[in-house]
Ligand SMILES: Nc1ncnc2c1ncn2[C@@H]1O[C@H](COP(=O)(O)OP(=O)(O)OP(=O)(O)O)[C@@H](O)[C@H]1O
């Protein structure tokens, strides 16, 4: 390795691997089915550190309302604990074991692994559910992996989650909004359902804080006397041991450009280290695209076959492209996966031997005063760094190269990140709690309370949308209907309003497109061509209406992948749009709402968009030469994003879907409006905005 690396002072312990861990290094790898026979998988299971604790886990769960399991990354918590509990009988009599994950990709991949280990078909005894996708069988599924967001949704139909005997909240250290909300609600449910068991697990969780949160006397918890033997004090189990060693290396000196440093480290590993795939953690799609390009250019400039197979991995990537990271690298090539923190927890990518950790991730920070949620590149916490390193050492020993100094790790990095709850827009959280009948949101039992300002802002938004009434209760029927739709409340309001405006067919298409990351392929060096193709679908009214043209073209092409690539559209994402739209149609039918097309009456569509997004109205500054707009609500300076159809067109009044902040605040997905529609759609809201609202 290059000399600037220095091994970490605290070497991770070497594992006891009595049976000789190298035995199965050379075993054939494959994507979905590992190619290992069931009995080999059974042997591998038994060698995981957590296996030694099987009886202890079964005993603790039997006797404690809550069990907290802390164990190294890769020790087998996610894949094994649900199986142990199933063996102990917790999935008998029509009951199910749920295991939540913060991320969809993890849900799918651990569910497949567990199905494989149990030698059953995915979707039968072992299933999974993520938003808009349910691969379970109500009659046969015993172990269900799902995102914590989906479990929260299930509570709307079944508030006590009666079909589950045990809920395992995995990766609880991530402290996503949904995880925190779930923990508070599960604590409440336990008071009503003494038979429900909770297991909280993570490699990097603060077990004491969690234990204090869940501690309560039976009296306090309101449990009945029949549960005399049940211990209300959470049990804490520390699983000792790690699958394989991961050597940690730090930089001798800090670097100013982590992207360049990551690329150089990939190249030096490739030239100096033994075979094995590489996983690089960067911050977002832009970083990742740049790294892919730099690596590709480097190898091209040397006129050689690099021997590298480079794969990006981020949440906006279509499913098919994401799944490539699980496949074997082409023969003789070293796979390099360049990922965001989507790959930070729960994932096992079999060939990974080397991890490169940039030390940064993109994190949301919401300012309730300006009402802007920024995605900021910020240093990660020690917990994240440990999780990243833990992606190596899962099926063989590994190395982790941290692109920062050991001193930085020890003295500068926070032990844990700030919970998402304390740095996000809380509109979706508030509506969900309201839908679950929790009225006193500020008094809710939070693991860490959100800021009152953000709460108040969320209440204001929901009130202005007509979702909450003067007593801050959900309105009938709009509030309840908006809460039923698993989308951002502003999109849901747009959908509901479209039913009375007679354009729900069109708005469902728009809602589905706004629910995926981007329907366009990444232009990567072909910006001009991509812009020209985009213009074929463009209409003067803006992006939303252009989406309707794209969707129509896709259907007319017979949902053709060729048509998509000819038009710079992402085929997988377009298929997803069709799927989401179908789900939304079914949901509207269930809610008894009418599906109707406006047959080209674009004005109705624009009015429906405003019904949801009136708060995002902006006016072009009178003498602006550079396309500067000001938001009506807070007079914030904003610009139309270059990816928008309306970039450089600059209509006088617009409404946007979301803001992204880089050098400036940019509006994405923009529609031109008539300002009088704002007062028509939301007179109560614009009444207060009069000083900023010169109608012209
Ligand atoms: N898809 C897979 N392919 C090969 N091995 C796997 C796969 N999934 C899991 N394993 C093996 O099972 C082990 C345990 O994985 P598991 O996800 O249960 O660990 P964990 O303790 O939950 O880790 P983490 O805290 O990182 O989520 C891995 O270290 C690896 O050896």
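Subtracting the Cα-Cα distance of residue 563 and residue 625 from their residue separation scaled by 0.36 nm leaves 18.5 nm. Per-residue packing, averaged as other Cβ atoms within 10 Å, sorts the ranges 550-562, 589-601, 374-386, 192-204 into the order 192-204, 374-386, 550-562, 589-601, beginning with the highest.
Of the peptides 404-410, 88-94, the order by per-residue mean of other Cβ atoms within 10 Å, starting with the highest, comes out as 404-410, 88-94. Antiparallel DSSP bridges in region 104-212: what percent, to the nearest 5? If we restrict to bridges inside region 104-212, about 25 percent are antiparallel. What whole number of Å gives the distance from the Cα centroid of region 553-580 to the Cα centroid of region 480-503? Here the two parts' Cα centres lie 25 Å apart.
Rounded, prolate or oblate: pick one for region 313-412, where a ≥ b ≥ c are the square roots of the eigenvalues of its C-alpha gyration tensor, a/c under 1.5 means rounded, and failing that, prolate if a/b is larger than b/c, else oblate. Oblate shape, in that a/c is at least 1.5 and b/c is the bigger or equal ratio. At a Förster radius of 22 Å, what calculated FRET efficiency corresponds to the Cβ-Cβ distance of residue 39 and residue 323, to the nearest 0.05? The computed FRET efficiency comes out at 0.25.
Let a ≥ b ≥ c be the square roots of the eigenvalues of the Cα gyration tensor of region 485-681; is it rounded (a/c under 1.5), or, if not, prolate (a/b larger than b/c) or oblate? Judged from the Cα gyration tensor, region 485-681 comes out oblate (a/c at least 1.5, b/c at or above a/b).
Where both bridge residues fall in the chain, DSSP classifies roughly 35% of the beta bridges as antiparallel.
Between region 275-345 and region 408-457, what is the C-alpha centre distance in whole Å? Cα centres, region 275-345 to region 408-457: 34 Å.
Helices in the chain, meaning DSSP H runs of at least 4 residues, each add -39500 (n - 2.57). Divided by all residues, the mean residue ellipticity at 222 nm is -11000 deg cm²/dmol. Using only Cα coordinates, the Kirkwood hydrodynamic radius of region 82-226 works out to 15.5 Å. Note on residue 121 and residue 300: their simple-model spin labels are 4.6 nm apart, each label 7 Å out from Cα toward Cβ. Potential lengthening of the chain between residue 46 and residue 674 amounts to 219.4 nm, from the contour at 0.36 nm per residue minus the alpha-carbon distance.
The label-point distance for residue 586 and residue 157, in a model that sets each label 7 Å from Cα toward Cβ, rounds to 1.0 nm. Here the gap between residue 595 and residue 131, fully extended at 0.36 nm per residue and compared with their Cα-Cα distance, gives a gain of 164.8 nm.
Could you state, as a whole-number percent, how many of the C-alpha pairs of the chain are farther apart than 33 Å? Show your work: numbers first, answer last.
On the way: 126229 of 241860 pairs.
Everything past 33 Å amounts to 52 percent.
Scattering from the C-alpha atoms of region 83-125 alone, worked out with Debye: what is log10 I(q)/I(0) at q = 0.13, 0.14, 0.27 1/Å? Relative scattering, expressed as log10 I(q)/I(0), comes to -0.30, -0.35, -1.10.
Region 356-403 to region 112-156: how many Å between their Cα centroids? Between the Cα centre of region 356-403 and that of region 112-156, the gap is 28 Å. With a Förster radius of 41 Å applied to the C-beta separation of residue 517 and residue 233, the computed FRET efficiency comes to 0.40. Overall, the ratio between the Cα radius of gyration of region 425-482 and 2.2 N^0.38 Å, rounded to two decimals, is 1.04.
Between residue 445 and residue 415, what's the calculated FRET efficiency when r is the beta-carbon distance and R0 is 30 Å? Round to 0.05.
Working: r = 23 Å, r/R0 = 0.78.
After rounding to 0.05, the efficiency reads 0.80.
Taken together, the values in this text are just the output of simple stated rules run on the coordinates, not laboratory data. Being a predicted model, the structure only gives us computed values, none of them experimental. Cβ coordinates were reconstructed from backbone atoms using ideal geometry, including for glycine residues, and neighbour counts include every protein chain displayed.
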